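S.K.: Can you keep this structure in mind? I'll have questions shortly.
The values are calculated or read from the model by the stated rules, or taken from the named source; none is laboratory data. Everything numeric here is computed off the predicted structure, so don't read it as measured data. With ideal geometry, Cβ positions are generated from the backbone for all residues, glycine too; neighbour counts draw on all protein chains shown.
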Amino acid sequence: MDGGSGTVAGSFRDPSGFLFRRDGKLLRQINQRYRKDYELLVRSGLYEELNGAGLLITHRRADVPPFKPDGSYLVIEPEEVPFISYPYEWCFSQLKDAALATLDIQKRALERGMSLKDASAYNIQFLRGRPVLIDTLSFEKYEEGRPWIAYSQFCRHFLAPLYLMSRKDNRMGVLLKSFIDGIPLDLASTLLPFRTRLRLPILLHIHLHARSEKKYSEEQIDPETIKGISRKGLLALLDSLEATTRKLKWKAGGTEWAEYYDETNYSAEAFEQKKNIVREFLEAVGAREVWDVGGNVGVFSRVALETAARVVCMDIDPSCVEANYRKCLEDGEENLLPLLIDLFNPSPAIGWEAEERMSIFQRGPVDTVLALALIHHLIISNNVPMARVASFFAGLCTNLVIEFVPKSDSQVQRLLSAREDIFDDYTLEGFLAGFSELFRVERRVAVPSSERILFLMRRR
Amino acid sequence: MKRQDDIDNELLKAFAFARLLPVRVNGYIGAGTGSLIIQAVIALTVGGLFALKIYWRRIKAFFTRKEADVEDLEQRKAEALSAVHAEADETSGEEAGTESIEAALLPEAAAVASEFDPAEPGAVEGEEGI
């Protein structure tokens, strides 16, 4: 997606319409072939109901010419989601909430004589902290007897990764990065523990589903012999999907940072001081949009929210992202989005022509980045040269709040304990020299009762 | 691996007893023949369980209902009724609201809204029978 004009790269599959940009504005062209379904969406009251429940993106009619006049019916202007995130960047509960939102939408649609024609996790985005369907063209008229066309997609995009995260390992959601149309069910069936066959929903929706797909992919079958499903049967299917999704529990697993704040080198008082310094820096630059990289459970993201309109908190640890998301829900924080991002291997651009889903960098830059207690991980754990760390941040932001953690710090010593110290330029002088070409130091404050120093830098 | 596949195959056979009317399926995403077939089987299986669950709840409710519950039910009924009456009083206002939403979203909605007859074929709820 670019900021100027043109069609949006990820919006080409459905012939009902597509997204495009004109003069930076996001618009959706609806084609004539979707006219009846769109009119039904509005007149059945489904749009109003879903929109009122916060489940479907708001849009208004746009009185502008279509992007491709041939076959065009209408152009609408949807509310723009400020930060697009993808299912492989969500923690367990984010994916679970997106799944439950999809099922809720489908149940409400059925009550009003419509049905979801797709159930892609990419159609769900987090807006003001809650999952919302962004594809207004996902509905079609429901006909009695018709099965749910998107059932298989729902199982691949939601159920399979959720079961894998809950029953096998909470890191398995990242498999969605390799399988853009959801985790193949035969793979999910192989990876899930054998004993999951004793659970009826998993047996039916994954194991037997996978087996049936395999069996009939090898057999020629007359489409007329596919059996229909009564409305009651369909509601029971949705009830089963909802019940099994709702019951799924997040599995902690011994991940690295969930208890990080209990093991830091700060006393409670020094920690408060650090918060104050960060707060001051952010106020000084008037931070509006902040990425808190390596943000753990989001303590400093919340400090940033006092100044900024929106904060994305990225961390490599699924437990931290999970804890952060739950706290957002508890406190009703709408402008903080916790995401699972591995800075050593950040989300690439993927999909058709590697353009369908944006890399994390294509979703920036932002005005301000927070990089607290991070630099030693980038340099010592990942052997990245100082100058490349600086150029990485220069590509992301204008203002950088960065903490320098000296070699004498026990956290750095821990990283160095099992390896040779090849990091001669990992000194305060080396740090300043590495950053001086791209950044200008605006402020420098030592964190009281620690050896760490906080810097406010501005890109040259 | 082989043994797991055999077990899954046998289980699949055990569940394959669905016999309903054939239906033609079209969609812009490939739904997958195998997926549609198992969907019908699952719908029938969980449909049966769903019905049993509901009947069981009703039976349980019949035997466990107490005086207090009945009073509570009466109270809720009365509340629901008064809510319906209150809503009826506001109906005209609500209709106007719906029209304005349609006008904001549909091209000829302003004109259509005034002529709109729910019983007309193709127009919402009348035809759907919901």
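S.K.: Run A:Pro65 past the list (1) crowded, with 19+ Cβ neighbours inside 10 Å; (2) assigned to a loop (DSSP other than H, G, I, E, B) and report the number of the one that doesn't hold.
M.R.: A:Pro65 satisfies all of (1) crowded, with 19+ Cβ neighbours inside 10 Å; (2) assigned to a loop (DSSP other than H, G, I, E, B) except (1).
S.K.: Going residue by residue through segment A:105-115, is there one that turns out to be free of Cβ contacts under 8 Å to residues at least 40 places away in the same chain, not assigned by TED's automatic domain parsing to the domain that holds A:Glu289 and not acidic (Asp, Glu)? I'd like the intermediate steps shown before the answer.
M.R.: Our first condition is that a residue be free of Cβ contacts under 8 Å to residues at least 40 places away in the same chain; within segment A:105-115, this holds for A:111, A:115.
Pick out the ones that are also not assigned by TED's automatic domain parsing to the domain that holds A:Glu289 and you get A:111, A:115.
Remaining after also requiring not acidic (Asp, Glu): A:115.
The answer is yes, given that some residue of segment A:105-115 is free of Cβ contacts under 8 Å to residues at least 40 places away in the same chain, not assigned by TED's automatic domain parsing to the domain that holds A:Glu289 and not acidic (Asp, Glu).
S.K.: Just give me the residues in segment A:217-241 being assigned to a helix (DSSP H, G or I), of a type outside the set (S, T, N, Q) and at pLDDT 85 or above, in sequence order. Walk me through it before giving the result.
M.R.: Filtering segment A:217-241 down to residues assigned to a helix (DSSP H, G or I) leaves A:217, A:223-225, A:231-241.
Checking which are of a type outside the set (S, T, N, Q) leaves us with A:223-224, A:231-239, A:241.
Answer for segment A:217-241, where residues must be assigned to a helix (DSSP H, G or I), of a type outside the set (S, T, N, Q) and at pLDDT 85 or above: A:Arg231, A:Lys232, A:Gly233, A:Leu234, A:Leu235, A:Ala236, A:Leu237, A:Leu238, A:Asp239, A:Leu241.
S.K.: Answer with yes or no whether A:Val64 is more than 11 Å from chain B (Cβ to nearest Cβ) and within 26 Å of the chain's Cα centre (by Cα). Write out each step before concluding.
M.R.: Numbers: more than 11 Å from chain B (Cβ to nearest Cβ): yes; within 26 Å of the chain's Cα centre (by Cα): no.
No: the conditions fail for A:Val64.
S.K.: Of all residues in segment A:92-150, how many are of a type in the set (Asp, Glu) and either within 13 Å of the chain's Cα centre (by Cα) or away from chain B (no Cβ under 13 Å) (or both)?
M.R.: Taking segment A:92-150 and keeping what is of a type in the set (Asp, Glu), we get A:97, A:104, A:111, A:118, A:135, A:140, A:143-144.
Adding the requirement that they be either within 13 Å of the chain's Cα centre (by Cα) or away from chain B (no Cβ under 13 Å) (or both) leaves A:97, A:104.
Result for segment A:92-150: 2.
S.K.: Taking A:Val405 as meeting all but one of (1) touching a residue at least 24 places away in the same chain (Cβ under 8 Å); (2) more than 26 Å from A:Ile360 (Cβ to Cβ), write down the number of the exception.
M.R.: (2)
S.K.: So, A:Ile202, is that one within 11 Å of another protein chain (Cβ to nearest Cβ) and under 22 Å from A:Lys247 (Cα atoms) or not? Show your work before the answer.
M.R.: Numbers: within 11 Å of another protein chain (Cβ to nearest Cβ): no; under 22 Å from A:Lys247 (Cα atoms): yes.
No: the conditions fail for A:Ile202.
S.K.: Quick check on this structure: which one of A:Arg414, A:Arg440 is at pLDDT 95 or above and of a type in the set (D, E, K, R)? Don't jump to the end; show me each part of the working.
M.R.: Working: A:Arg414 fails: at pLDDT 95 or above.
Matching residue, one of A:Arg414, A:Arg440: A:Arg440.
S.K.: Of the conditions (1) on the phi > 0 side of the Ramachandran plot; (2) within 14 Å of the chain's Cα centre (by Cα), A:Val321 satisfies every one except a single condition; which number is it?
M.R.: (1)
S.K.: Name the residue, out of A:Leu55, A:Leu50, that is at pLDDT 95 or above, closer than 20 Å to B:Ala104 by Cβ and crowded, with 20+ Cβ neighbours inside 10 Å.
M.R.: Details: A:Leu55 fails: crowded, with 20+ Cβ neighbours inside 10 Å.
The match here is A:Leu50.
S.K.: Let me ask something else about it. Condition test on A:Phe455, is it in the same structural domain as A:Ser381 (by TED's automatic domain parsing), closer than 18 Å to A:Phe281 by Cα and of a type outside the set (Gly, Ala, Ser)?
M.R.: Details: in the same structural domain as A:Ser381 (by TED's automatic domain parsing): yes; closer than 18 Å to A:Phe281 by Cα: yes; of a type outside the set (Gly, Ala, Ser): yes.
Taking the combined requirement at face value, the residue satisfies it.
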